[in-house]
Ligand SMILES: C[S@@+](CC[C@H](N)C(=O)[O-])C[C@H]1O[C@@H](n2cnc3c(N)ncnc32)[C@H](O)[C@@H]1O
């Protein structure tokens, strides 16, 4: 998951060959790039030593560095919080296109199961044209059930950009949002319980189970999101959920069962699949 971070351009000292060797011995495929990033991010030699120890112990590079690159921006990633994946940039792109098509100012956007808040933060940046105040272009709300994720999301979505709530799916949201949400964008856990053991150790051991485990077929949380979506969406509003190619037919079913008009979007290069549903009706 770490190979997509760009190498820093700053004049960092060449990584010590011994650092590269240690990282490679620990199984880091992109050892040179990682060494450069660690050297550029560490504030002191002691810091570098501690970061290297954590990386060699198997922590995800992004949790060690404290940031991930996502949609061309640095997103803060705290220990124990799900690392935003490159494939999720496709979800952001699909959502951004729909935000731009909302026929009124300041569309209401909700990032449910927000983790670091990467999706919401990237959307706010993508749809804002004013560099200093991109959030003015959307009313952004984000929520997650995990306290560590909520703390991290509040760093990536400061008050000037949006609000971040803690709680179980819709229960976390202010009731006043019911029937007003233009874009509900969700990357919920969707790994089937039995497949968790097959994930790379970085994910299995260092990302919270609640961020990964989607129940027996992986779709428990998605079904709960779909079941209540129409109550929260504005007429004509959209729900977008990232899923896998294999699970997509079942995600589509869940959307249809709850009255949404559906379509599928996919990007082969990113291995990304997104199910998009619309609440029937026209935006007021
Ligand atoms: C796969 S991670 C995605 C995080 C983020 N959206 C992203 O793409 O980087 C799923 C997130 O859903 C959260 N989550 C799981 N069950 C939840 C629930 N019932 N209510 C709210 N959040 C939940 C987890 O804590 C985790 O942060």
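Across segment 178-195, the number of residues qualifying as within 20 Å of residue 232 (Cα to Cα) and under 13 Å from the mean Cα position of the chain (by Cα) comes to 4.
Here residue 152 meets the list (1) buried (at least 24 other Cβ atoms within 10 Å of the Cβ); (2) in contact with a helix residue (DSSP H, G or I) (Cβ under 8 Å, 6 or more places away or on another chain) almost entirely, failing just condition (2).
Which ranges mark the strands (runs of 3 or more DSSP E) fully within segment 74-167 that have 2 or more residues being in contact (Cβ under 8 Å) with a residue 40 or more places away in the chain? So that I can check it myself, show each step before the final result.
Numbers: elements: 108-112, 139-144, 162-166.
Here the list reads 108-112, 162-166.
Restricting attention to segment 196-207, which residues are surrounded by fewer than 15 Cβ atoms within 10 Å (Cβ to Cβ) and under 19 Å from the mean Cα position of the chain (by Cα)? Working first, answer last.
To start, the set of residues in segment 196-207 that are surrounded by fewer than 15 Cβ atoms within 10 Å (Cβ to Cβ) comprises 197-201, 205.
Listed by number, the residues that qualify are 199, 200, 205.
State whether the residues of segment 208-221 include one that is within 27 Å of residue 72 (Cβ to Cβ), in the same structural domain as residue 128 (by TED's automatic domain parsing) and more than 10 Å from the ligand (Cβ to nearest atom).
Going through segment 208-221, the residues within 27 Å of residue 72 (Cβ to Cβ) turn out to be 208, 211-212.
Narrowing the set further to residues that are in the same structural domain as residue 128 (by TED's automatic domain parsing) leaves 208, 211-212.
With more than 10 Å from the ligand (Cβ to nearest atom) added as a condition, the list becomes none.
No - not one qualifying residue is present in segment 208-221.
Of all the criteria given as (1) more than 9 Å from the ligand (Cβ to nearest atom); (2) under 21 Å from residue 271 (Cβ atoms); (3) in contact with a helix residue (DSSP H, G or I) (Cβ under 8 Å, 6 or more places away or on another chain), the one not satisfied by residue 94 is (3). A count restricted to segment 153-185 and to residues that are within 9 Å of the ligand (Cβ to nearest atom) and either touching a strand residue (DSSP E or B) at 6+ places or on another chain (Cβ under 6 Å) or under 18 Å from residue 226 (Cα atoms) (or both) stands at 8.
The values are calculated or read from the model by the stated rules, or taken from the named source; none is laboratory data. Remember, predicted model here, so these are calculated numbers, not experimental data. A quick note on method: Cβ atoms are made from the backbone with ideal geometry, for glycine too, and the neighbour counts reach across all protein chains shown.
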